[in-house]
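To start, the structure under review is shown below, and the notes come after it.
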Amino acid sequence: MTTTHPRFKAAAVQAAPAFLDLDAGVDKAVRLIAEAASNGASLIAFPETWLPGYPFWVWLGSPGWGMQFVQRYFDQSLEADGPHMARLREAARQNNIHVVMGYSERSGSSLYMGQALIGSDGGLIAARRKLKPTHAERTVFGEGDGGDLKVHATALGRLGALNCWEHLQPLVKQAMYTQGEQVHVSAWPSFSLYRDMAYALGPEVNLAASRMYAVEGQCFVIASCATVSKEMTALLCDAPDRAKMLLAGGGFAMLFGPDGRALAQPLDEHTEGLLYADIDLGLIPLAKAVADPTGHYSRPDVLRLMFNDTPHRLVERFEAEARETEQAA
């Protein structure tokens with residue numbers, strides 16, 4: 001009997017957000033979803049907090065200066081069960097394509113760095129949150145929990161996603177690898193911040209992080225990456241020192257195979273577009289035959305991961321849950 005492995009085309013987004021404008025951002029996302037589908041893609045992956053854009057001001061000045069953006073960012077953030085998400089889900093359904101969207105999630109009065117995994121039928125597979133916002137991001141966003149480190153069975157294979165420097169946390173990566181991840185979305189906000197000041201924030205290090213994720217996990221990685229538009233720098237860089245901290249451009253999207261090779265030709269860092277690659281999950285067993293760190297290449301007698309994947313809700317209403325259980329019975 002011959003076994004067939006899923007094969008499909010994936011698209012990585014390299015584009016600037018409609019900064020601080022959720023309606024325009026969703027319009028642009030819908031156009032990109034339709035474009036990817038028209039070119040034969042079965043999956044499109046968007047950058048980190050692409051809706052309504054990454055809050056770069058937290059890196060550019062004092063908290064007092066940044067307060068001018070706080071209310072606007074909150075108002076333009078996306079609710080996981082709101083009408084803007086419904087539009088994205090409908091676009092996925094109409095175009096018969098899987099979508100992984102990076103967005104600022106508004107839940108109550110708090111914000112989280114979200115990624116929505118949407119099926120080609122428009123169903124919401126998962127709405128995850130970044131486990132630990134990085135450094136200055138913690139002035140804006142709350143944290144996820146172990147329930148956000150999940151890999152999901154889909155028609156395209158076992159699909160997972162992480163944001164930005166979650167790819168620098170070894171235990172987070174191991175938690176994903178152990179779930180048999182085959183297709184991974186690696187979402188980045190752009191590599192134009194502190195370009196001449198902090199090498200670790202630049203394209204070389206962070207593209208390497210996406211590439212190493214592919215090699216370590218023997219999976220395909222779709223590394224989406226936003227660009228910073230001139231309109232964004234005009235708004236955010238109102239002084240010469242800030243203009244040096246955040247440059248226009250910064251787009252370095254790429255797709256990687258399970259052996260670490262790049263699968264597409266890169267775009268210029270200032271150019272918006274979609275990068276495509278053909279995905280053949282049949283290549284994964286070949287990569288794992290050499291070194292599977294969660295299987296034959298592991299040493300659980302020496303090193304093991306303790307992983308609590310239970311979602312933690314802020315409020316547990318035991319009486320209400322008990323009544324629901326009784327009514328269901």
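Taking the numbered list (1) surrounded by 16 or more Cβ atoms within 10 Å (Cβ to Cβ); (2) in contact (Cβ under 8 Å) with a residue 60 or more places away in the chain; (3) aliphatic (A, V, I, L, M) in turn, L305 passes all entries but (1). Considering only residues in region 50-100 that are in contact with a Gly (Cβ under 8 Å, 6 or more places away or on another chain) and of a type in the set (A, V, I, L, M), the one that is nearest to S120 (Cα to Cα) turns out to be A92. Taking first residues from region 290-301 that are farther than 17 Å from A175 by Cβ and partners that are of a type in the set (F, W, Y), the Cβ contacts under 7 Å between residues at least 6 apart in sequence or on separate chains come to A291/Y297. Exactly one residue among E166, E181 is in contact with a Gly (Cβ under 7 Å, 6 or more places away or on another chain), acidic (D, E) and surrounded by 21 or more Cβ atoms within 10 Å (Cβ to Cβ), and that residue is E181. Any residue at all in region 116-129 that's touching a helix residue (DSSP H, G or I) at 6+ places or on another chain (Cβ under 9 Å) and closer than 19 Å to A15 by Cα? The answer is yes, given that some residue of region 116-129 is touching a helix residue (DSSP H, G or I) at 6+ places or on another chain (Cβ under 9 Å) and closer than 19 Å to A15 by Cα. Does region 79-99 contain any residue that is under 16 Å from P55 (Cβ atoms) and either hydrophobic (A, V, I, L, M, F, W, C) or within 19 Å of the chain's Cα centre (by Cα) (or both)? The answer is no, given that none of the residues of region 79-99 is under 16 Å from P55 (Cβ atoms) and either hydrophobic (A, V, I, L, M, F, W, C) or within 19 Å of the chain's Cα centre (by Cα) (or both).
Being farther than 16 Å from Y103 by Cβ and either without any contact (Cβ under 8 Å) to a residue 24 or more places away in the chain or crowded, with 16+ Cβ neighbours inside 10 Å (or both) holds for only one residue in L201, L171, L124, and it is L201.
Read-outs throughout are calculated quantities, based only on the coordinates presented, and are distinct from any laboratory measurement. Quick caveat, the model's predicted, so the values are computed rather than measured. Cβ coordinates were reconstructed from backbone atoms using ideal geometry, including for glycine residues, and neighbour counts include every protein chain displayed.
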